[in-house]
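The values are calculated or read from the model by the stated rules, or taken from the named source; none is laboratory data. Here the structure is a predicted model, which is why all the values come from computation and not from measurement. Note: ideal-geometry Cβ built from the backbone for every residue, glycine included; neighbour counts use all protein chains shown. Remember, those area values only see protein heavy atoms, side chains included, never the ligands or the DNA or RNA. Shrake-Rupley method; radii C 1.70, N 1.55, O 1.52, S 1.80 Å.
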Amino acid sequence: QVQLVESGGGLVQAGGSLRLSCAASGRTFSRYAMGWFRQAPGKERDVVAAISWSGGTYYADSVKGRFTISRDNAKNTVYLQMNSLKPEDTAVYYCVAERSLNTIVTGAANSWGQGTQVTVSS
C-alpha cells in the first residue's frame with residue numbers, strides 16, 4: 001500500500017479556488033493511478049477525479065470544467081485544482097491510490113488518505 005497525506009483544504013467563498021495536494025510515500029508512485037473522492041455530511045463517498053500513471057484522466061460530471069487533476073511524479077504528489085467552487089462542493093476530500101484508474105473510479109482503491117475538509121460558503 002501507499003501512504004497518503006492530503007493538504008490544502010480550507011474555507012473559501014463561492015466562486016473561489018483551492019488547490020489540494022496529496023503527498024505519497026514509496027518509490028513506485030509513478031506506477032500508481034491516483035484519485036480524489038469526497039464525502040459530504042450525510043452522503044456517500046463519491047469519486048471526483050482520477051489520473052492514471054500515464055496521465056489519462058477521469059472527472060465526475062459535477063466537476064468537469066471546474067476541477068483539474070494533475071501529478072508530479074518527481075515529487076510523489078498529486079494535485080486537485082478546484083475553481084469556481086460552489087457550496088455543494090463542501091465535503092471532506094480524500095486522496096486515493098491504486099494500480100489502475102478503473103479500480104479507483106469504481107471505488108475499490110486500497111490506499112486512502114485521512115482527508116482534508118473543504119468548505120465553500122455562499
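If only residues of the stretch 73-100 that are touching a helix residue (DSSP H, G or I) at 6+ places or on another chain (Cβ under 6 Å) and open to solvent by 30 Å² or more (accessible area, probe 1.4 Å) are counted, the one that is farthest from residue 24 (Cα to Cα) is 73. When you check residue 17 against the structure, is it modelled with pLDDT under 95 and open to solvent by less than 90 Å² (accessible area, probe 1.4 Å), yes or no? Here the answer is no, as residue 17 does not meet what is asked. Kindly provide the set of residues from the stretch 39-72 that are of a type in the set (S, T, N, Q) and either open to solvent by less than 60 Å² (accessible area, probe 1.4 Å) or part of a strand (DSSP E or B) (or both), ordered by number. 39, 52, 57, 68, 70 - these are the residues of the stretch 39-72 that are of a type in the set (S, T, N, Q) and either open to solvent by less than 60 Å² (accessible area, probe 1.4 Å) or part of a strand (DSSP E or B) (or both). Against the conditions (1) more than 15 Å from residue 6 (Cα to Cα); (2) open to solvent by less than 70 Å² (accessible area, probe 1.4 Å), residue 36 satisfies every one except (1). Among the residues of the stretch 25-64, those that are at pLDDT below 95, of a type outside the set (Ser, Thr, Tyr) and within 24 Å of residue 74 (Cα to Cα) comprise 26, 27, 29, 31, 53, 55.
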